[in-house]
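Worksheet for the structure shown next.
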Amino acid sequence: MNVLHPPFVHFVIALPLAALFSQLTYVATKDKTYSKAAIRIMAFALLVSFFAVFTGLIDADEITKNHAILKNGLLILNDHKTFGFVIVIILFITTLTKWFAISKNSMSLEKLSILLIILTIAASLYQGNHGGSLVYKYSAGIDNKIIQKRTIQKNQ
């Protein structure tokens, strides 16, 4: 099964972590270069998140259409789809706050950005855990023969 979603989500998880290090370095050194790097990294993460959601919807449709998931995983798949939109909203708010912090030259908004970036990282890790669970526990996107084999082994 060809899946497009995983390559994009790894960036959504990793980029905010890089932005956090850049943002913390800015607060420690007051060198604007780090603040500007953090906004660029977050903006790129936001852009990639649109691709992650789009490819996730395509893959989820293909997975449900081909019944390439165990039945118990369908509820988690739906929750995973919904929370994907929440991640995009969190990334948007974080990026917007970071942009205002730079344009207003506001250290309080810069510090708020740190908290929002940490929230973004936590939400992305939570979402990634659910995505991994869909694949490894509920066989999402795995060939139907493997799913049937797992079901037979589970029932024995």
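All of the numbers you see were taken from the coordinates with simple rules; none came from a lab. The structure displayed is predicted, hence computed values, not measured ones. Cβ placement follows ideal geometry from the backbone for every residue including glycine, while neighbour counts extend to all protein chains displayed.
What ranking of 106, 113 emerges when the number of other C-beta atoms within 10 Å of each C-beta is taken as an exposure proxy, fewest first?
106, 113
What is the total of Lys pairs in the chain with C-alpha atoms under 28 Å apart, excluding same-chain pairs fewer than 8 positions apart?
Within the chain, the lysine pair count is 29.
Full extension from residue 40 to residue 93: what is 0.36 nm times the residue separation minus their Cα-Cα distance, to one decimal in nm?
Full extension from residue 40 to residue 93 adds 17.7 nm.
Any idea how far apart residue 10 and residue 71 come out in nm if each label point goes 7 Å out from Cα toward Cβ?
Label at residue 10, label at residue 71, 3.5 nm between them.
If you line up the long axis of helix 32-65 against the longest principal axis of the chain, both from Cα atoms, how many degrees apart are they, to the nearest 10?
The helix 32-65 is inclined about 20 degrees to the chain.
With θ set to phi - 60°, apply the Karplus curve 6.51 cos²θ - 1.76 cosθ + 1.60 along the stretch 70-81 and write out the HN-Hα couplings as whole Hz, x wherever there is a Gly or Pro.
Coupling constants for the stretch 70-81: 5, 4, 5, x, 5, 5, 5, 4, 5, 5, 4, 5 Hz.
What's the extension gain from residue 104 to residue 64 if we count 0.36 nm per residue and subtract their Cα-Cα distance?
The residue 104-residue 64 span can extend by a further 9.7 nm.
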